[in-house]
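Engineer: Below are the structure tokens for one structure; questions will follow.
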Amino acid sequence: MNSIDLIDVCAWTGDWNTLSVDGDVDAVRESLHACGVGQIHLSSLRTVWGHNLHLGNIDVYEAADRFDDVSPVPLLDPTLATWADELARATQRDDVSIVRLLPAYSGYTLDDQRVSACAEAVQAAGLILSIQMRIEDERRNHPKARVPDVPFDKITAFAHQYPDLPVVIGGAPWRSVLSGAGAILASDHIYAETSQMDGVDSIALIIAAGLGERLLFATHTPLFMPLAGVARILLDLSAEHATAILGGNASRLLNRQV
């Protein structure tokens, strides 16, 4: 499998509050290239803890302007009055395929009517919507900055309301994906990414549950070591399943947006 086959649907640039990471774009690209990743879908961590999530999007737009292998994944906050402008900015570029929501960090729930309006607009724009279940395991949070996971069943229930909108569940632990396999399989537009599926044989169990075509490779770099994410797929899975997860499934989904 050559480098262009590996598609990372969730990498980050920027700093984090509880972990010292090298989130410089050049460092992130270098670490991913060393693992054979040829297409990087990048979001910014810089303003996740700020008052205006949208300000960090400039980081990934500038990175994409510098590097052909970087695709920006802008963050949207439906509770900010500027979200529609930010989405319009994304749709004006030909390198944006995915936009990402961070409900737990922006302080809203998925039953907020503003989120519905945002999802409808993302659907109309022909983009993929990634909803982040977690960035960091709550057990590692600073005691004064606890951020609980977005409930997995709330994400799948929300996704079912928009059958024409591809939804990627970001940062879901493997047990949540395995127990929620039926909800994912009930529609053909719901996917999960692998960044936090770190249990022994976890991805093999998820594939056995029928989700082999719904898993997208993600490293969560620089918060996680990308090599570990690649290794658990290559070592635990057949070549056919590894090829699909490391790039084939994402390529099919991304091409669906053209």
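Engineer: Within the stretch 3-17, can one find any residue that is over 19 Å from residue 195 (Cα atoms), aliphatic (A, V, I, L, M) and surrounded by 15 or more Cβ atoms within 10 Å (Cβ to Cβ)?
Structural biologist: Within the stretch 3-17 (the criterion being over 19 Å from residue 195 (Cα atoms), aliphatic (A, V, I, L, M) and surrounded by 15 or more Cβ atoms within 10 Å (Cβ to Cβ)), the answer is no, since none of the residues qualifies.
Engineer: With the checklist (1) modelled with pLDDT of 95 or more; (2) touching a helix residue (DSSP H, G or I) at 6+ places or on another chain (Cβ under 8 Å) in hand, flag the one item residue 3 doesn't pass.
Structural biologist: Every listed condition holds for residue 3 apart from (1).
Engineer: For residue 114, are the conditions met, namely being modelled with pLDDT of 95 or more, part of a helix (DSSP H, G or I) and surrounded by 13 or more Cβ atoms within 10 Å (Cβ to Cβ)? Steps first, please.
Structural biologist: Details: modelled with pLDDT of 95 or more: yes; part of a helix (DSSP H, G or I): yes; surrounded by 13 or more Cβ atoms within 10 Å (Cβ to Cβ): yes.
Yes; evaluated as a whole, the condition is true for this residue.
Engineer: Only residues that are of a type outside the set (D, E, K, R), under 20 Å from residue 220 (Cβ atoms) and either outside any loop (DSSP other than H, G, I, E, B) or in contact with a Lys or Arg (Cβ under 7 Å, 6 or more places away or on another chain) (or both): list them for the stretch 135-165, please.
Structural biologist: Listed by number, the residues that qualify are 152, 155.
Engineer: List every residue pair whose Cβ atoms sit under 8 Å apart, with the two residues 6 or more apart in sequence or on different chains, where the first one lies in the stretch 40-56 and is surrounded by fewer than 20 Cβ atoms within 10 Å (Cβ to Cβ) and the second, anywhere, is modelled with pLDDT under 95 and of a type in the set (A, V, I, L, M).
Structural biologist: Close Cβ pairs satisfying both conditions: 49/145.
Engineer: Another one. Just name the residue that is surrounded by the most Cβ atoms within 10 Å (Cβ to Cβ) out of those in the stretch 84-110 that are touching a residue at least 40 places away in the same chain (Cβ under 8 Å) and among the β-branched types (Val, Ile, Thr).
Structural biologist: 98
Engineer: Let me ask something additional. Of the residues that make up the stretch 172-186, is at least one more than 19 Å from the chain's Cα centre (by Cα), part of a loop (DSSP other than H, G, I, E, B), more than 26 Å from residue 222 (Cα to Cα) and small (Gly, Ala, Ser)?
Structural biologist: Taking every residue of the stretch 172-186 in turn, at least one turns out to be more than 19 Å from the chain's Cα centre (by Cα), part of a loop (DSSP other than H, G, I, E, B), more than 26 Å from residue 222 (Cα to Cα) and small (Gly, Ala, Ser).
The values are calculated or read from the model by the stated rules, or taken from the named source; none is laboratory data. Worth saying up front: this structure is predicted, and the values here are computed from it rather than measured. As a convention, Cβ positions derive from the backbone with ideal geometry for all residues, glycine included, and neighbour counts pool all protein chains shown.
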